[in-house]
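A.B. asks: One structure follows; several queries about it will come next.
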Amino acid sequence: MMIKIENLHASVDGKEILKGINLTIGAGEVHAIMGPNGSGKSTLSNIIAGRDGYTVTSGSITYKGKNLLEMSPEQRSWEGIFLAFQYPVEIPGVNNTYLLKAGVNARRKHHGEQELDAMEFLQLVREKAKLVELDPSFLSRGVNEGFSGGEKKRNEIFQMAVLEPSLALLDETDSGLDIDALRIVAGGVNKLRSSDRSIVMVTHYQRLLDYIVPDVVHVLADGKILKTGGKELALELEERGYDWVRQEAAA
Amino acid sequence: MSETRQERKPEEFTGREYEAGFVTDIETDTLPPGLNEDVIRHISAKKEEPEWLLNWRLEAFRHWQTMQEPHWAHVNYPPIDYQAISYYSAPKSQKDGPKSLDEVDPKLLETYAKLGIPLREQEFLAGVAVDAVFDSVSVATTFKGKLKDAGVIFCPISEAVREYPELVQQYLGTVVPTGDNFYAALNSAVFTDGSFVYIPKGVRCPMELSTYFRINALNTGQFERTLIIADEGSYVSYLEGCTAPQRDENQLHAAVVELVALDDARIKYSTVQNWYPGDENGVGGIYNFVTKRADCRGARSRVSWTQVETGSAITWKYPSCILRGDDSVGEFYSVALTKMRQEADTGTKMIHIGKNTRSTIVSKGISAGFGQQSYRGLVRIGKSAEGARNYTQCDSLLIGENCGAHTFPYVEVKNPTATMEHEATTSKIGEDQLFYCQSRGISEEDAVNMIVNGFCKDVFNELPMEFAVEANRLMEVSLEGAVG
Ligand SMILES: Nc1ncnc2c1ncn2[C@@H]1O[C@H](COP(=O)(O)OP(=O)(O)OP(=O)(O)O)[C@@H](O)[C@H]1O
Ligand SMILES: [Mg+2]
C-alpha cells in the first residue's frame, strides 16, 4: 500500500477545513478527487506534501509504512512524494534545470547514490522534456518565470517526469491547458503510470479522466470524502453536480 | 569630529610622544595612534615622496581639519576617534615579507577555501595578476613581465610615485579632489598604498587585474589610493576583492579610487567585498567609507562599476561616473547584503555632462536579520547633456521581519531632451517559493541561497567569470544561518 490517511482533521487559522478524511491508495492506482470549490482538495494535497500553515488536529497519514507527518517537505520529496501545484510558483533568475538538478541530486545523496553530473543531467531532462513535448528553451528559463498558465502546468508534469515520484498529486493540472496541450500532457502522465507509482488527480472536469482513466473516483465535499466510486462516478457528477452526493451522505 | 578634537589633552599636541614613538616603533614600523602634520611628514618621508606630494598631502590635511564628519547617511555608528588610529603600519619586515602565497596567513587562505577560490589556483589558472596589499604596504606583485610587454603599468601607487611621477602628478586628485569630502580629504592626507594602473593607447590589457586587500593589524585604518588611467582606445578589467579576519574593535577603511577613461577607452571595475561584518550584536565589524569615482573624460568612453557587498559593519559607498565625454557610458551594477546588525548606505551618482551620454543603474539589495539597507542614487542631467539617457532599477529582497530596505532616488534634470526610466520593487522571499523548492527536494537553506542568487543574477552576469562563481559562494557563506 502506498498511502493510508485515517480520520484526518486539519485546520487553518483555527478554521477546520478537513473534517475526517479516510483514504487508502494502493501502489500503481490512479485516483481522482473531485469536489466543489473550497471543499479542501488543495488543502489535502498540501498537507500530504508538507506545506506549512496547516494544523493537523487529529488523524494520521502513513506513507510506505512511515509516519508522513513527521517528515519535512524535502524529505517527503526524497521519499517519492510529488505535488504538481494548482498555482505553480515563479522563482525569477533561478534556472529551471538548475532547480531540478539540485532536487534530484539532493535526493540521490539522501539515498547514498552518486550525484548526476551536468552532462548526465542534461541528457535526462532533454529526454523527459520530450515526454510532455516541452520546448527545450524552457529548460534554461527561470522557474515558471513569465510562463503562460498552460506552460506552467506542462512544466509541472515535466518536473514529475524528472523526479519520478512514487506518489504524484496533480492538483488541477488540466485547468489552463488548451485542448491539444491537455491531450499531450495527459499522454505524458499515462506514460508515467506504472505498477509502483500511484497518482492522485484533483480535477473539476470529466474531460481529463477521458484521457487518464482513473481506477477510483472520490467526491470531497465539506472536508470529507462523501462518496467513492469507479470512473463512471465522474460522468454522473458531470451530469448531476454535487448536491445529490451531499443529500445522499446526509441521509 | 570637532568635539573629539576639543577633548584631546594638550600633551597630545606636543609631538614628544611621537618622537619617542618613532624610536620604539622602528622595529615594527608602526606609528603610534594619532594624526598631525608630523605624522604626514613621516609617512611621506618613509615613502621617499617628492616635495609636491608632501605638500599635496598637507593641503588635504589642512582642509580635512576644517571639515565635518558627514552624518547624513542612513547608518548609525558610534563616533570615530581619529586620534586613536595608527596611520602607518608596515608588515614586520617588508624585506622578509611573503614572497609567495605559501607565506600568506593560513586563516586568510582558509576563508578563501571556504569560498572555494584557492588563491594559488586563481593566480595560476585564471591568469590573474595579484597585487596583494597586506596592511598598508604592497608586498607581492606578479605577472609583471607579461603586463610590461603590453606596456601596461600595474604597481603599488608608492612605486608609481617614484617611477612614473609625471603620470601620477598629472592625474592624482583630478577625479576626487583632496577636499571632495571628509573621508577623501583624510585619505589624501594619509594614504599609504594602493594600486596604480596605466593602460597605454589602443592596448587591451591582456589579463584581469586583481588586488586583494586585507586589514591586518588591530586598530589600523586603511587608506588605499587607487588610480587607474585608460588611455585612448584601451580596455582594462580590474577586480578588487576583500576579506578580513575577525576583529574585536571596529576598523576604519576610507579608500579612494579614481578612474580616468579617455576617448574610446573602457574600464570595468568589479568589487567583491567581504570584510568582517561584526558579530550578531554588531561588535567588531569594519567601517567602510570609500570614495570611488570615474571620470569618463573622453568621447565614447565607458566605465562599469560592478560590486558585490556582503561585508563590513557599516558601508557608505557611492561609486560614481562623471560622463563628461560625448556619447560616454556609465554603468553601476550592485548587490548588497546586510544581515545581523549590518548597515549599508550605497548607491551611485551619474553626472551627465556630455551629449548623448547614457547611464544604467541596477541595484539589488538583500536584507536579513536586523540588517538595514539604503539605496541612495543621484542622476544629474546637466544643461549641456543633450539627449542623455538613464535607466535605473532598484530591487529589494527582504528575508525575515526585522530588516529594512529604503530607497532614496534623487533626480536632477536640467536638459529637457533627457530620457529617464526608473523601476523599483520590494519583495519578500515567499513561503510559497520556499515550499515549491522544498517540494522538489531542496532544503530550506539551499532554497534561500538559490532564490537569492536568482535575484542577484542580473548583476552577477556582469562579473568576470571567476568572480561570478566566487560571488555565488560568497552569498551562500554569508547567508549561513541568516534564515530561520
Ligand atoms: N491559508 C488559508 N487561510 C484561510 N483560509 C484558507 C487558507 N487555505 C485554505 N483556506 C480555506 O480552506 C478552504 C479549502 O481550500 P482549498 O484550497 O483546499 O479548496 P479546494 O478544494 O482546493 O478548492 P478549489 O477547487 O477552488 O481549488 C477554502 O475555504 C479556503 O478559503
Ligand atoms: Mg484547489
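A.B. asks: Just to be sure before I move on: is B:Pro70 modelled with pLDDT under 90, under 30 Å from B:Gly404 (Cα atoms) and open to solvent by 80 Å² or more (accessible area, probe 1.4 Å) in the structure I sent?
C.D. replies: no
A.B. asks: Does any residue in the range A:113-137 that is free of Cβ contacts under 8 Å to residues at least 12 places away in the same chain come within less than 7 Å, Cβ to Cβ, of a residue that is among the charged types (D, E, K, R) six or more places away or on a different chain, and which pairs are these?
C.D. replies: Pairs found: A:Gln114/A:Arg108; A:Glu115/A:Arg108; A:Glu115/A:Lys109; A:Pro136/A:Arg126.
A.B. asks: Would you tally the residues in the range B:399-426 being open to solvent by 30 Å² or more (accessible area, probe 1.4 Å) and under 30 Å from B:Ser367 (Cα atoms)? Quick ask: steps written out before the conclusion?
C.D. replies: So in the range B:399-426, the residues open to solvent by 30 Å² or more (accessible area, probe 1.4 Å) come out as B:400-402, B:405-414, B:416-417, B:419-426.
Next, only the ones that are under 30 Å from B:Ser367 (Cα atoms) stay: B:400-402, B:405-412, B:420-426.
Total satisfying the criteria: 18.
A.B. asks: With the structure loaded, tell me whether A:Ser42 is away from ligand 1 (no atom under 16 Å from the Cβ), among the small types (Gly, Ala, Ser), assigned to a helix (DSSP H, G or I) and touching a residue at least 40 places away in the same chain (Cβ under 8 Å) or whether it fails that test.
C.D. replies: No.
To keep it simple, each residue is scored yes or no on (1) of a type in the set (S, T, N, Q); (2) more than 14 Å from chain B (Cβ to nearest Cβ); (3) surrounded by 19 or more Cβ atoms within 10 Å (Cβ to Cβ).
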residue: A:Ala129; (1), (2), (3): no, yes, yes
residue: A:Arg141; (1), (2), (3): no, no, no
residue: A:Ser148; (1), (2), (3): yes, yes, no
residue: A:Leu163; (1), (2), (3): no, no, yes
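Residue-wise test of (1) touching a strand residue (DSSP E or B) at 6+ places or on another chain (Cβ under 6 Å); (2) more than 16 Å from ligand 1 (Cβ to nearest atom); (3) farther than 15 Å from A:Val202 by Cβ.
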{"site": "A:Ile5", "(1), (2), (3)": "yes, no, no"}
{"site": "A:Ile21", "(1), (2), (3)": "yes, no, no"}
{"site": "A:Asn37", "(1), (2), (3)": "no, no, no"}
{"site": "A:Met71", "(1), (2), (3)": "no, yes, yes"}
{"site": "A:Asn96", "(1), (2), (3)": "yes, yes, yes"}
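A.B. asks: Another one. Does the range A:54-85 hold any residues that are surrounded by fewer than 22 Cβ atoms within 10 Å (Cβ to Cβ), within 13 Å of another protein chain (Cβ to nearest Cβ) and either free of Cβ contacts under 8 Å to residues at least 12 places away in the same chain or out of contact with any Phe, Trp or Tyr (no Cβ under 9 Å at 6 or more places or on another chain) (or both), and which are they? Please lay out each step first, then the result.
C.D. replies: Taking the range A:54-85 as the starting set, the residues that turn out to be surrounded by fewer than 22 Cβ atoms within 10 Å (Cβ to Cβ) are A:54-62, A:64-67, A:69-72, A:75, A:78-80.
Adding the requirement that they be within 13 Å of another protein chain (Cβ to nearest Cβ) leaves A:54, A:71-72, A:75, A:78-80.
Matches in the range A:54-85: A:Tyr54, A:Ser72, A:Gln75, A:Trp78.
A.B. asks: Out of A:Val202, A:Val213, which single residue is in contact with a strand residue (DSSP E or B) (Cβ under 6 Å, 6 or more places away or on another chain) and either surrounded by fewer than 16 Cβ atoms within 10 Å (Cβ to Cβ) or within 19 Å of A:Gly176 (Cβ to Cβ) (or both)?
C.D. replies: Testing whether each residue is in contact with a strand residue (DSSP E or B) (Cβ under 6 Å, 6 or more places away or on another chain) and either surrounded by fewer than 16 Cβ atoms within 10 Å (Cβ to Cβ) or within 19 Å of A:Gly176 (Cβ to Cβ) (or both) leaves just A:Val202.
A.B. asks: A follow-up question, please. Scan the strands (runs of 3 or more DSSP E) fully inside the range B:303-347 and keep the ones with 3 or more residues being modelled with pLDDT under 80 and either open to solvent by 10 Å² or more (accessible area, probe 1.4 Å) or closer than 20 Å to B:Phe370 by Cα (or both).
C.D. replies: Passing ranges, in order: B:314-317, B:343-346.
A.B. asks: Given the options A:Ser194, A:Ser198, A:Ser175, name the one that is within 16 Å of ligand 1 (Cβ to nearest atom) and either closer than 14 Å to A:Pro36 by Cβ or polar (S, T, N, Q) (or both).
C.D. replies: None of the others qualify; the one that does is A:Ser175.
A.B. asks: In addition: Only one residue in A:Gly35, A:Gly14, A:Gly112 is within 16 Å of ligand 2 (Cβ to nearest atom), at positive phi and away from chain B (no Cβ under 14 Å). Which one?
C.D. replies: Answer to the check: A:Gly35.
A.B. asks: Please verify whether the range B:462-478 includes one or more residues that are in contact with a strand residue (DSSP E or B) (Cβ under 7 Å, 6 or more places away or on another chain), open to solvent by 20 Å² or more (accessible area, probe 1.4 Å) and within 13 Å of chain A (Cβ to nearest Cβ).
C.D. replies: Looking through the range B:462-478, none of the residues is in contact with a strand residue (DSSP E or B) (Cβ under 7 Å, 6 or more places away or on another chain), open to solvent by 20 Å² or more (accessible area, probe 1.4 Å) and within 13 Å of chain A (Cβ to nearest Cβ).
A.B. asks: Hey, does the range A:71-86 have a residue that's in a loop (DSSP other than H, G, I, E, B), farther than 26 Å from A:Val189 by Cβ and not basic (Lys, Arg)?
C.D. replies: yes
A.B. asks: Here's a check for you: in the range B:443-452, which residue that is assigned to a helix (DSSP H, G or I) and at the interface with chain A (Cβ under 7 Å from one of its Cβ atoms) is surrounded by the most Cβ atoms within 10 Å (Cβ to Cβ)?
C.D. replies: Among those that are assigned to a helix (DSSP H, G or I) and at the interface with chain A (Cβ under 7 Å from one of its Cβ atoms), it is B:Ile451.
The values are calculated or read from the model by the stated rules, or taken from the named source; none is laboratory data. Keep in mind that what you see is a predicted model, and the values were worked out from it rather than measured. Methodologically, a virtual Cβ is constructed for each residue, glycine included, from the backbone with ideal geometry; neighbour enumeration extends over all protein chains shown. Heavy atoms of the whole protein, side chains included, go into the accessibility calculation; ligands, DNA and RNA do not. Shrake-Rupley method; radii C 1.70, N 1.55, O 1.52, S 1.80 Å.
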